[in-house]
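A.B. asks: Here it is, the structure, as structure tokens.
The values are calculated or read from the model by the stated rules, or taken from the named source; none is laboratory data. This structure is a prediction, so every number in the text was calculated from the model and none was measured. Here the Cβ positions follow ideal geometry from the backbone for every residue, glycine too, while neighbour counts run over all protein chains shown. Remember, those area values only see protein heavy atoms, side chains included, never the ligands or the DNA or RNA. Shrake-Rupley method; radii C 1.70, N 1.55, O 1.52, S 1.80 Å.
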Amino acid sequence: MKPQRSNSLPALVLLVFCASGHAQSAPSLSDDDRSAIQALMGSYARALGECRAEDFADLFVPQTGYFASGFRGRMVGRERLIALVQSERHCIAPPAAGAGRPGGANGPTVALEATPSGVRGVANLGTAEYQDEYLKTPGGWRFASRTVIIAAEKAAGLDARELLAITELGGSSRGDHYEADQNGVERLMTSGVRIAVSGTEVTGRAFLEGGGYDDVVYEKLGPGQWRVKSSVHVPK
């Protein structure tokens, strides 16, 4: 008996083609959308520059929106975003004469890209850059994430995705780290991992939920993939 030839191949090819076409589709951005996202840059610069902590937090997607940087770690949610602004140096003491936010009150110009995974943007700050993700909510466009990448981090091959991958190592054991300001008030300085680079070496101080921290050396395995090369625990 001869085996029957399957007709599933054309259907499979069609399925793969359709799935591929669907995966490659990206959201379209109207001129109004682009203007609204650029306006978000200005709202961010003004809220941060004027120390309006609650207005600043309102610019992020509720519950899940976050700010990230090597020094600050990942500040997720309204309470941490408010605490972030309240710990900014210029919000604790009067700013030096002539000091201002990058890009002025309107914020820097952002280069937007609509990708299959969402809307992203990059804004040049000179010695650093914002790498953003945006989400359109019922209240308008908001930051799903805003990550600051400094020049040394970029030279070491770090970007927003790489920072996120590092900060996610260790899972739920990560905690918040407070430091006293010049008035003795405890301020939230870092949430999770404080990352530093020296040449191509990437290290971190991973603050623990129960107190203490781990001093960690990280090793890159591939794009967005990291592991702990060595770790020294310092108890509370």
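A.B. asks: Got a sec to turn the phi values of segment 196-203 into Karplus ³J(HN,Hα) couplings, 6.51 cos²θ - 1.76 cosθ + 1.60 with θ = phi - 60°, whole Hz, x for Gly and Pro?
C.D. replies: For segment 196-203, the Karplus-derived couplings read 9, 10, 9, x, 9, 7, 10, 10 Hz, x marking Gly and Pro.
A.B. asks: In whole Hz and in residue order, list the ³J(HN,Hα) couplings for segment 174-186 that follow from phi through the Karplus curve 6.51 cos²θ - 1.76 cosθ + 1.60, θ = phi - 60°; x for Gly and Pro.
C.D. replies: 6, x, 9, 10, 10, 9, 6, 7, 5, 9, x, 8, 6
A.B. asks: What does the accessible area of residue 51 come to, in Å² to the nearest 10, when a probe of 1.4 Å is used?
C.D. replies: Per-residue accessible area (residue 51): approximately 50 Å².
A.B. asks: Just to check I understand the Karplus step: with θ = phi - 60° and J = 6.51 cos²θ - 1.76 cosθ + 1.60, what whole-Hz values come out for segment 134-146, glycine and proline as x?
C.D. replies: So the Karplus estimates, Gly and Pro as x, are 10, 9, 8, 10, x, x, x, 6, 9, 6, 7, 7, 9 Hz.
A.B. asks: Using only protein heavy atoms and a 1.4 Å probe, report how much of residue 142 is accessible, in Å² to the nearest 10.
C.D. replies: Accessible area, nearest 10 Å²: 60 Å².
A.B. asks: Between residue 178 and residues 5 or more places away or on another chain, which pairs have amide H atoms under 5 Å apart, with H built 1.01 Å from N, and which residues are they?
C.D. replies: Long-range HN contacts for residue 178: 189.
A.B. asks: Now, a different point. Could you compute the FRET efficiency for residue 111 and residue 234, with r as their C-beta to C-beta distance and R0 at 41 Å, rounded to 0.05?
C.D. replies: That pair, residue 111 with residue 234, gives E of 0.50.
A.B. asks: Which sequence of 193, 228 reflects their accessible areas, 1.4 Å probe, from the largest down? Walk me through the numbers before you get to the answer.
C.D. replies: On the way: 193 0, 228 75 Å².
The ranking, largest first, comes out as 228, 193.
A.B. asks: Next question, about the same structure. Ratio of segment 119-236's C-alpha Rg to 2.2 N^0.38 Å, to two decimals?
C.D. replies: So segment 119-236 has a normalised radius of gyration of 1.18.
A.B. asks: Calculated from DSSP H runs of 4 or more alone, at -39500 (n - 2.57) each and per residue, what is the 222 nm mean residue ellipticity of the chain, nearest 500? Mind showing how you got there, number by number?
C.D. replies: Numbers: 7 runs with 66 residues, N = 236.
Value at 222 nm, helices only: -8000 deg cm²/dmol.
A.B. asks: Follow-up question, since we're still on this one. How far is helix 8-23 tilted off the main Cα axis of the chain, in degrees rounded to 10, range 0 to 90?
C.D. replies: 20
A.B. asks: Further, regarding this structure: Segment 182-227: percent of C-alpha pairs farther apart than 17 Å?
C.D. replies: 47
A.B. asks: Please report Rg over Rh for the chain, where both radii come from the alpha carbon positions and Rh follows the Kirkwood definition.
C.D. replies: My calculation of the ratio gives 1.08.
A.B. asks: Which loop GluC sites (Glu not before Pro) in segment 149-236, with loop taken from DSSP, have no more than 16 other Cβ atoms within 10 angstrom of their Cβ?
C.D. replies: Filter output for segment 149-236: 168, 209.
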